[in-house]
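Chemist: I'd like to ask some things about the structure below.
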Amino acid sequence: MKREELIKKWLDEELNPMELKAFNALEDHDDLVKLSDSVKRFAAPEYTPENELQSVLQKIDHSSTSNNSWVKPLIGIAAILTIFFGISYYNSTLDTEINTLASEKTKIELPDASDATLNALTSLKFNNNRWTNKREVKLEGEAFFKVAKGSRFDVITKDGIVSVLGTQFNVKQRENLFEVVCYEGLVAVAHGDNYVKLNPGDSYVILDGKLIAKEKETQITPSWLDNISHFESMPFKEVVAEFERQYNVSVTIGSMDTTLLFTGNFKHNDMDLALKSITLPLNLKYSLKNDSTIVLSSE
Amino acid sequence: MSDSLKDNVCDETLFSSVFNRYSKDLHNFLYYKFGERLNPKDKVQEAFIKLWQNCAKVKPNKAKSYLYTIANNLMLNEAAHQKVVLNFQKLPTKSHTNENPEFLLEEQQYMEKLQKALSNLTDAQRTAFMMNRIEGKKHREIAELLGISTKAVEKRIYGALKKLRETIKEI
């Protein structure tokens, strides 16, 4: 027991001179000292706090900017949300565009109770989102509008702007022809410098840049809604152009005056009959070259 | 401990002084306990960086035990525990020596035995023993660093010594 006490005190360097003597006299004293000395060679590698502190401070500096570990994921989420809202906003500002093909008619409902019927080869654009602020459609081709009562409603065409306040009217804008017919209510047409107000039955027709006077319209809706194209004193080429649109064919006209005025109808659902309707009054002959080409010639 | 007036270690000069006071002991503690393989220097750095990041929550007088706990956990996280083999310094090789070759060989064998014996100690025994023998720390100082009683330190160190001698004799 005495031995253990001595060794313990020696380990803690607490031996007094008397005890030291006793410790030195231990039989395994040399072994103990040798072990103790040898163990010293297992010392930890050199460690200099000053150098280590420098590198820790550097690392802290580096990490302190991105110290808040929640910032990064938050930035990610913010970016995703931004993109998402960006795309949805972009989509919402895009115009809705509706196109009809040749010999196709379609009826669409505009964002309010208004609706529009598109004739063949017509394109109509409007913006769903801005509709409450601005009732505005862009039209190329021919369409019949039934406009719900409310604020100003504009139909913008290449040739002019047609504005209304709840009414029914037809707008036809083709290559050389711009025709507005009012069926109900009051329609204003701005065409170049002209500004005309149309009462029910009134028409506004511009043909090859010239204003054409037209009789009062007696029908309550345009005839094309009933699959009949009706012409009154129209140049024959306009009739042929409409025929091409309705039947999706191309019509070749032989030597004849295409500015001849034509008054009459043709139906949209019977090509043979329709051809007869437009050729007989002018003493023309027609022949089908192939499925999509028709040749007209004078007798 | 004059700086216990402050209630955290977020001040850089205070942090530096804490570093200078504890880092070396912490490093050597980690080295004796876990050996060199798990890079005790890096663990010391990591522990201090953690201390800095959480400086607002750590009082200066708790910093030491905080550091030891963090560093110890970092080590334990790293890998399943393996036997720790400490390296001993080679004696400076002399071009000529008057010690006879037999003595040199015995010396070498003794060191290798000691190395094995050290690996056979428990982590707790080895750490306390090395701190005492190599650093020359008193039992009381070690007890304070490890957060255990002086009696426990004495037991560990004496136990280590006993076990070392037995192992060396057996080999």
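Please treat every number below as a calculation from the coordinates, not as lab data. Small disclaimer: the values here were computed from a predicted structure and weren't measured. Here the Cβ positions follow ideal geometry from the backbone for every residue, glycine too, while neighbour counts run over all protein chains shown.
Chemist: Could you check which residue among A:38, A:203, A:114 shows the biggest mean-square fluctuation in a GNM of chain A with a 10 Å Cα cutoff?
Modeler: A:38
Chemist: Now for a different question. Please identify, among A:260, A:118, A:35, the residue showing maximal mean-square fluctuation in a Gaussian network model of chain A using a 10 angstrom Cα cutoff.
Modeler: Fluctuation is largest for A:35.
Chemist: OK, next. Give me A:232, A:50, A:142, A:217 ranked fewest to most by other Cβ atoms within 10 Å of their Cβ, as a rough exposure proxy.
Modeler: A:50, A:232, A:217, A:142
Chemist: Of all alpha-carbon pairs in chain B, indicate the percentage at a distance above 19 angstrom.
Modeler: Cα-Cα pairs in chain B separated by more than 19 Å: 63 percent.
Chemist: Kindly flag which residue pairs out of A:40/B:50; A:125/A:146; A:59/B:137; A:40/B:43 have an alpha-carbon separation exceeding 27 Å in this structure.
Modeler: A:40/B:50; A:59/B:137
Chemist: Would you tell me the mean number of C-beta atoms belonging to other protein chains that fall within 10 Å of each C-beta in B:138-149, as a whole number?
Modeler: Mean number of neighbouring Cβ atoms from other chains: 1.
Chemist: Right, here's the next one. Relative to the longest principal axis of the C-alpha atoms of chain A, give the angle of the C-alpha long axis of helix A:2-11, reported between 0 and 90° and rounded to the nearest 10°.
Modeler: 50 degrees
Chemist: Counting other beta carbons within 10 Å of each Cβ, put A:271, B:131, B:75 in order, fewest first.
Modeler: Fewest-to-most ranking of A:271, B:131, B:75: A:271, B:75, B:131.
Chemist: Okay, moving on. Let me know the charge dipole size of the stretch A:1-137 about its Cα centre in debye, to the nearest 20, where only the beta-carbon of Lys, Arg (+1) and Asp, Glu (-1) is charged.
Modeler: With only Lys, Arg, Asp and Glu charged at Cβ, the dipole is about 980 debye.
Chemist: Moving to a separate point now. Given an 8 Å cut-off on Cα distances and at least 6 residues of separation, report the relative contact order of chain A as a percent.
Modeler: In percent, rounded to a whole number, it is 8.
Chemist: Measure nothing fancy, just the Cα-based angle from helix B:123-133's long axis to the longest principal axis of chain B, in degrees from 0 to 90, nearest 10.
Modeler: Relative to chain B, helix B:123-133 is tipped by roughly 80 degrees.
Chemist: Charges on Cβ only, +1 for Lys and Arg, -1 for Asp and Glu, centred on the Cα centroid of the protein assembly as shown; of A:249, B:114, B:71, which one is farthest towards the dipole's positive end?
Modeler: B:114
Chemist: Also: Report, in debye and to the nearest 20, how large the dipole of the protein assembly as shown comes out about its Cα centre when Lys and Arg carry +1 and Asp and Glu carry -1 on their Cβ.
Modeler: 2120 debye
Chemist: Cut-off is 10 Å between beta-carbons; in what order do A:62, A:268, A:29, B:139 appear when sorted fewest neighbours first?
Modeler: Exposure proxy ranking, most exposed first: A:62, A:29, A:268, B:139.
Chemist: Report, in deg cm²/dmol and to the nearest 500, the calculated mean residue ellipticity at 222 nm for chain A, where each DSSP H run with n ≥ 4 adds -39500 (n - 2.57) and the sum is divided by the residue count.
Modeler: When only DSSP H runs of four or more count, the value is -9500 deg cm²/dmol.
Chemist: Can I ask one more? To the nearest 10 degrees, how steeply does helix B:12-34 sit against the main Cα axis of chain B, on a 0 to 90 scale?
Modeler: Computed tilt is about 30 degrees.
Chemist: Please tell me which of these pairs span more than 21 angstrom C-alpha to C-alpha: B:116/B:162; B:138/B:162; B:33/B:59; A:214/A:237?
Modeler: B:33/B:59
Chemist: Report, as an integer, the average count of C-beta atoms from other chains found within 10 Å of each Cβ along A:29-42.
Modeler: Per-residue shielding by partner chains comes out at 5.
Chemist: Provide the descending list of Cα extents for the protein assembly as shown along its principal axes, expressed in whole angstroms.
Modeler: 147, 55, 37
Chemist: Additional query: Select from A:235, A:73, A:114 the residue farthest towards the positive end of the dipole of chain A; place +1 on Cβ of Lys and Arg, -1 on Cβ of Asp and Glu, and compute about the Cα centre.
Modeler: A:235
Chemist: A further question follows. Between the DSSP loop rule and a limit of at most 13 other Cβ atoms within 10 Å, which trypsin sites (Lys or Arg not before Pro) in the stretch A:167-253 are left?
Modeler: A:216
Chemist: Please give the charge dipole size of chain B, origin at the Cα centre, charges +1 on K and R Cβ atoms and -1 on D and E Cβ atoms. Round to the nearest 20 debye.
Modeler: Here chain B has a charge dipole of around 500 debye.
Chemist: Quick one: which of A:210/A:285; B:64/B:163; A:8/A:34 span more than 20 angstrom between C-alpha atoms?
Modeler: Pairs exceeding 20 Å: A:210/A:285; B:64/B:163.
Chemist: Once Lys and Arg get +1 and Asp and Glu get -1 on their Cβ, which of A:259, A:162, A:288 lies farthest toward the positive end of the dipole of chain A?
Modeler: So the residue furthest toward the plus end is A:259.
Chemist: If the reach is capped at under 13 angstrom between alpha carbons, list the aspartates and glutamates near residue A:9, excluding any in the same chain fewer than eight residues apart.
Modeler: Reachable aspartates and glutamates: A:19, B:154.
Chemist: Here's something else I'd like to know. What residue among A:76, A:209, A:201 has the largest mean-square fluctuation in a Gaussian network model of chain A, using Cα springs under 10 Å?
Modeler: For chain A, modelled as a Gaussian network with Cα springs under 10 Å, the answer is A:76.
Chemist: Moving on. Can you give the Rg and Dmax of the stretch A:12-60 based on its C-alpha atoms, in angstrom?
Modeler: For the stretch A:12-60, the Cα radius of gyration and maximum Cα-Cα distance read 19.4, 56 Å.
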